[in-house]
Amino acid sequence: KLENFSKTLLVVGSSVGGMNETEKIFFQNKDYKKINYKKHPIDAIAYDLKEKFSFYDDVSFSTACTSSANALGYAKEVISKGIYENVLVIGIDTLSHTTVCGFSALSVLSSKLCTPFDKNREGMNVSEGFGILLLQNKKQEDSIQLCGVGYSSDAHHMTQPHPDGLGAKRAMENALKDSNLTIND
């Protein structure tokens, strides 16, 4: 029920920011001089939203596939420390030629439909989407609780996690520790 965002932090997680807008202009005109440099960077989405809705401030995260998760983790941290009362978190990525070509160069694209939990999956499908969550320091009617956040980096390979899932396991353990919950909870 927020009507005023002047005391709300905006946190955006995006891998590509405004890259698709830059591509549209460049592919139409073949002239980089027509590109609006404010519409290209990772913080382009936050910049536009801050201008339109007068957020107190904004922060953008671009950490590849973990951009939105890191944005959400940061939001939880600043709420729990009492730095902000409200944090609007937006995870968003649009489809861009550069992104598709990048995943193709990594040889991780699938020619079949997405089957993320199939042990015989061929690869991934690139798509676009967004999600928005409002984190607040006071419980509201019908609100849910973000109990804990956990991070890790197994540094096994540039594009593949450790085959035993060590990084994922460590992230889940860290989230449980952050939430003061045990695995039995």
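The values are calculated or read from the model by the stated rules, or taken from the named source; none is laboratory data. Computed from a prediction, not measured in an experiment: that's the story for all the values here. When we count neighbours, we look across all protein chains shown, and the Cβ atoms used for this are built from the backbone with ideal geometry, even at glycine. Remember, those area values only see protein heavy atoms, side chains included, never the ligands or the DNA or RNA. Shrake-Rupley method; radii C 1.70, N 1.55, O 1.52, S 1.80 Å.
Worth pointing out:
- Being open to solvent by 40 Å² or more (accessible area, probe 1.4 Å) and farther than 19 Å from Leu10 by Cβ is a condition met by no residue of the range 76-89.
- Conditions (1) under 30 Å from Gln136 (Cα atoms); (2) exposed (fewer than 13 other Cβ atoms within 10 Å of the Cβ); (3) among the charged types (D, E, K, R): number failed by Asp31: (1)
- Boolean, Tyr74 is under 25 Å from Asp178 (Cβ atoms), part of a helix (DSSP H, G or I) and aromatic (Phe, Trp, Tyr): yes
- Residue in the range 12-24 that is within 24 Å of Glu85 (Cβ to Cβ), crowded, with 17+ Cβ neighbours inside 10 Å and of a type in the set (A, V, I, L, M, F, W, C) present: yes
- Residue match in the range 158-169 (condition: loosely packed, with under 12 Cβ neighbours inside 10 Å, modelled with pLDDT of 90 or more and within 30 Å of Asp58 (Cβ to Cβ)): no
One line per residue, one yes/no per condition, for (1) over 15 Å from the mean Cα position of the chain (by Cα); (2) under 18 Å from Val59 (Cα atoms); (3) not charged (D, E, K, R):
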| residue | (1), (2), (3) |
| --- | --- |
| Ser96 | yes, no, yes |
| Gly102 | yes, no, yes |
| Ser111 | yes, no, yes |
| Gly123 | yes, no, yes |
| Leu133 | no, yes, yes |
| Lys138 | yes, no, no |
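- One residue alone among Ile144, Ile132 is at pLDDT 90 or above, open to solvent by 70 Å² or more (accessible area, probe 1.4 Å) and in a loop (DSSP other than H, G, I, E, B), and that residue is Ile144.
- From Ser127, Ser104, residue being touching a residue at least 24 places away in the same chain (Cβ under 8 Å) and surrounded by fewer than 15 Cβ atoms within 10 Å (Cβ to Cβ): Ser127
- The residues listed here are Ser62, Ser153, Ser110; of these, the one that is open to solvent by 60 Å² or more (accessible area, probe 1.4 Å) and in contact with a Gly (Cβ under 8 Å, 6 or more places away or on another chain) is Ser153.
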